[in-house]
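For reference, the structure I am asking about is given below.
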Amino acid sequence: MSDDLYRIKRLPPYVIAEVNALRHAARQAGRDIIDLGMGNPDQPPPQHVIDKLCEVARKPNAHGYSQSKGIPGLRRAQASYYQRRFGVELDPQNEIVVTMGSKEGLASLATAITAPGDVVLAPSPSYPIHTFGFIIAGATIRSVPTTPGEEYWKELDRAMQYTVPRPTMLVVNYPSNPTAEVVDLAFYQRVVDWARENGVWVISDLAYSELYFDGVPTPSIMQAEGAKEVAVEFTSMSKTYSMAGWRMGFAVGNRELIAALTRVKSYLDYGAFTPIQAAACAALNGPQDIIESNRQLYQKRRDVLVESFGRAGWDIPSPAASMFAWAKLPKGFESMGSLEFSKRLIEEADVAVAAGVGYGEEGEGYVRIAMVENEQRIRQAARNIKRFLAKSGG
């Protein structure tokens, strides 16, 4: 019966879920798996944010339906964040909508603006929702490189010249999940200029805006001149404030796209639980110490990961941002493929990583390593991997 379900037929097996199931089974069997697979923060939110959640949740009138587009105070708080962080002015009423995490927001926007047969330009490798959100909505994906070099621009121009129908949307995601690559403001300005020239919408995912390292802040596409004419940008509180399970995100930018997203969401949901939205206001408006402390935490973990895995015989490129490292399979294991290698790591080294092929065809030959365990556990993972590499010998 499920073979007849059109949208389900268009979805391949979710590789990430396959590795997660293997990890879960190993833990159920009593094994201590060091989980560097899922990008799930291991730190709690700030105490004042939790206190605000509890305070508002105790109010008898806080448990009804909320506002689908987000309570006004939260949209104002997000506007203040963009002003102080990027120097960008946003209208809280018409240029901001609250989403249940950036993942839901991206999927809802795809539903709102995609017609069957539309062609969407999306990076490969990329986070699955960047492609499958549009595939579920009926679009066709044409891949462009994730690496923002000259080949990237050549592929964009080829796509506009040779694709029928012409692409209507471009997805960008920097710092990239999974590759951790970053761009500067000049790149975003070139994207905006290209999109205006070609009549293409731009969807920017800036979920890792605050997890940048070595003192080099990540820019927003909204800083580019003319961005509001063509772009909408998603941010998330998941990593910035360690609030992943709270499902709190935002879309900002072009009024037409924000209005379309807001309208579709009004049919789909009643908004996030009001106490969570109030707590999100407290996070954005209150002390910002957690942003810097999280940044330092992940930078230290990055340095430990690169150093300890390198000594174990697996060279890991040092990421400039995000909570991930993107690494080629160790020498001698290339022919195994990323999915089989990831399974072997769980079975023989008690370490979980994410198979690169789960992020698109161009992700084959790589794995994504999440820095979500403490430094001691990362060093233990390196010791386990060193034994595995020595035993397996490629």
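Between THR168, THR163, which is open to solvent by 10 Å² or more (accessible area, probe 1.4 Å), under 24 Å from LEU109 (Cα atoms) and at pLDDT below 95? Let's see the steps before the verdict.
Numbers: THR168 fails: at pLDDT below 95.
Checking each option against the conditions leaves just THR163.
In the stretch 11-50, which residue that is in contact (Cβ under 8 Å) with a residue 12 or more places away in the chain and over 26 Å from the mean Cα position of the chain (by Cα) is least open to solvent (accessible area, probe 1.4 Å)?
Our first condition is that a residue be in contact (Cβ under 8 Å) with a residue 12 or more places away in the chain; within the stretch 11-50, this holds for 11, 14-16, 18-20, 22-23, 26, 31-46, 48-50.
Filter once more, keeping what is over 26 Å from the mean Cα position of the chain (by Cα): 26, 31-32.
Values: ALA26: 7, ARG31: 84, ASP32: 94 Å².
The selected residue is ALA26.
Would you be able to tell me the number of residues in the stretch 234-258 that are open to solvent by less than 30 Å² (accessible area, probe 1.4 Å) and over 17 Å from GLN43 (Cβ atoms)?
10
While we're here: State all residues of the stretch 319-375 that are in a loop (DSSP other than H, G, I, E, B), out of contact with any Leu (no Cβ under 8 Å at 6 or more places or on another chain) and either crowded, with 24+ Cβ neighbours inside 10 Å or among the polar types (S, T, N, Q) (or both); if no residue qualifies, say none.
Residues satisfying the conditions are PRO319, ASN374.
Scan the stretch 294-308 for residues that are over 20 Å from the mean Cα position of the chain (by Cα) and either open to solvent by less than 20 Å² (accessible area, probe 1.4 Å) or under 28 Å from LEU109 (Cβ atoms) (or both) and jot them down.
VAL304, LEU305, SER308
Next question. Taking TRP194 as the residue in question, decide whether it is within 22 Å of GLY133 (Cα to Cα), out of contact with any Pro (no Cβ under 7 Å at 6 or more places or on another chain), modelled with pLDDT of 95 or more and open to solvent by 10 Å² or more (accessible area, probe 1.4 Å). Before you say what the answer is, go through the steps one by one.
Numbers: within 22 Å of GLY133 (Cα to Cα): no; out of contact with any Pro (no Cβ under 7 Å at 6 or more places or on another chain): yes; modelled with pLDDT of 95 or more: yes; open to solvent by 10 Å² or more (accessible area, probe 1.4 Å): yes.
When the stated conditions are applied, TRP194 does not pass them.
Could you go through the stretch 309-323 and let me know if any residue there is polar (S, T, N, Q) and over 21 Å from the mean Cα position of the chain (by Cα).
Start the filter on the stretch 309-323 by keeping residues that are polar (S, T, N, Q), which leaves 318, 322.
Next cut, over 21 Å from the mean Cα position of the chain (by Cα) only: none.
No: zero hits.
This table checks each residue for (1) open to solvent by 20 Å² or more (accessible area, probe 1.4 Å); (2) acidic (Asp, Glu); (3) more than 19 Å from PHE187 (Cβ to Cβ).
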| position | (1), (2), (3) |
| --- | --- |
| LEU106 | no, no, yes |
| PRO125 | no, no, no |
| ARG142 | yes, no, yes |
| PRO148 | yes, no, no |
| LYS154 | yes, no, no |
| ARG158 | yes, no, no |
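Scan LEU268, LEU261 and give me the residue that is surrounded by fewer than 15 Cβ atoms within 10 Å (Cβ to Cβ), touching a helix residue (DSSP H, G or I) at 6+ places or on another chain (Cβ under 9 Å), among the hydrophobic types (A, V, I, L, M, F, W, C) and under 19 Å from SER102 (Cβ atoms). Working first, answer last.
Working: LEU261 fails: surrounded by fewer than 15 Cβ atoms within 10 Å (Cβ to Cβ).
Just a single option satisfies the conditions, and that option is LEU268.
Additional query: Exactly one of (1) under 19 Å from the mean Cα position of the chain (by Cα); (2) open to solvent by less than 30 Å² (accessible area, probe 1.4 Å) is unmet by ASP184. Its number?
Among (1) under 19 Å from the mean Cα position of the chain (by Cα); (2) open to solvent by less than 30 Å² (accessible area, probe 1.4 Å), the lone unmet condition for ASP184 is (2).
Among the residues of the stretch 178-220, write down those that are hydrophobic (A, V, I, L, M, F, W, C) and at positive phi. If you could, list the steps in order and put the result at the bottom.
First, pick out the residues of the stretch 178-220 that are hydrophobic (A, V, I, L, M, F, W, C): 180, 182-183, 185-187, 191-192, 194-195, 200-203, 206-207, 211, 213, 216.
ALA180, the sole residue that qualifies.
Is one or more of the residues making up the stretch 285-293 within 15 Å of SER102 (Cβ to Cβ) and open to solvent by less than 50 Å² (accessible area, probe 1.4 Å)? I'd like the intermediate steps shown before the answer.
Taking the stretch 285-293 and keeping what is within 15 Å of SER102 (Cβ to Cβ), we get none.
Among the residues of the stretch 285-293, not one is within 15 Å of SER102 (Cβ to Cβ) and open to solvent by less than 50 Å² (accessible area, probe 1.4 Å), which makes the answer no.
In addition: For the stretch 87-96, does any single residue satisfy the condition of being closer than 21 Å to MET222 by Cβ, of a type in the set (Gly, Ala, Ser) and open to solvent by 30 Å² or more (accessible area, probe 1.4 Å)? Spell out the reasoning first.
To start, the set of residues in the stretch 87-96 that are closer than 21 Å to MET222 by Cβ comprises 87-96.
Applying the additional criterion that residues be of a type in the set (Gly, Ala, Ser) yields 87.
Add one more test, that the residue is open to solvent by 30 Å² or more (accessible area, probe 1.4 Å), and what stays is 87.
Scanning the stretch 87-96, I find at least one residue that is closer than 21 Å to MET222 by Cβ, of a type in the set (Gly, Ala, Ser) and open to solvent by 30 Å² or more (accessible area, probe 1.4 Å), so the answer is yes.
The values are calculated or read from the model by the stated rules, or taken from the named source; none is laboratory data. The model shown is predicted, which means the values in this text are computed figures rather than measured ones. All Cβ positions, glycine included, derive from the backbone under ideal geometry; neighbour counts span all protein chains shown. What goes into the accessible areas is simple: the full protein's heavy atoms, side chains included, and nothing from ligands, DNA or RNA. Shrake-Rupley method; radii C 1.70, N 1.55, O 1.52, S 1.80 Å.
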